[in-house]
Amino acid sequence: MTSEPEQQLGVGTQDAFQRLWTPHRMAYIQGENKPTGPGADDGCPFCSIPAKSDEDGLVLRRGELVYAVLNLYPYTGGHLMTVPYRHVADYTDLTVEETAELAELTKQAMTALRTASGAHGFNIGMNQGTVAGAGIAAHLHQHVVPRWGGDTNFMPVVGHTKVLPQLLADTRKMLAEAWPTD
């Protein structure tokens, strides 16, 4: 099925491209939920999430020193983060106990994602500092991004758009139920 390009007056040069609008991304682009400064009391979302219910905060698991939470702006379905409760920016500033629990929750996250969604692989990592790409540089967080064979398609590559098949609340519930018990 071919169609003529739709006339789009007032939106730039007419071309043959269709538009897929994602206005919800403006919240992220404009810095919604970003801290106003480097301190824990400067609106750090990672400091405020633990005070919320698991459902409202998208929390998957609470440890003694670290918790796991879904990413509000995910790269793929199931993209989560392991985050120390303590407001600390640099990986080298973690205590031995925090480092161990961060690693253990990351392992549990991988198990839960494999169980719940059949993830084939993972991207796991931290962006240390704003210049390294950290969206919230003042509070350390480790990304756990599930991957599947062939999951990169034209949408993120050409369309700069992520297609997520499930609401975050539903993903949180599914992963929380699949989380391994201690």
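The values are calculated or read from the model by the stated rules, or taken from the named source; none is laboratory data. Keep in mind the model is a prediction, meaning the values are calculated, not measured. Because the Cβ atoms are built from the backbone with ideal geometry, glycine has one as well, and the counts that use them run over all protein chains shown. We work out accessible area using only protein heavy atoms, side chains counted, and drop any ligands, DNA or RNA first. Shrake-Rupley method; radii C 1.70, N 1.55, O 1.52, S 1.80 Å.
Cβ under 12 Å from residue 170's Cβ, residue 170 left aside: what net charge do those residues give with Lys, Arg +1 and Asp, Glu -1?
Neighbour charge sum, excluding residue 170 itself: 0.
Taking amide H positions as placed 1.01 Å from N in the peptide plane, with prolines and chain starts having none, which residues 5 or more places from residue 88, or on another chain, fall under 5 Å of its amide H?
Those lying under 5 Å, H to H, from residue 88 are 140.
Could you pull out every residue, at least 5 positions away or on a different chain, whose amide H is within less than 5 Å of the one on residue 147? Hs are placed 1.01 Å off N in the peptide plane, and Pro or chain starts have none.
Excluding prolines and chain starts, which carry no amide H, the hits are 120, 121, 122, 123.
Can you work out the accessible area per residue across segment 81-129, with the rest of the protein chains kept in place, probe 1.4 Å, in square angstrom?
Ligands and nucleic acids excluded, the figure is 49 Å² per residue.
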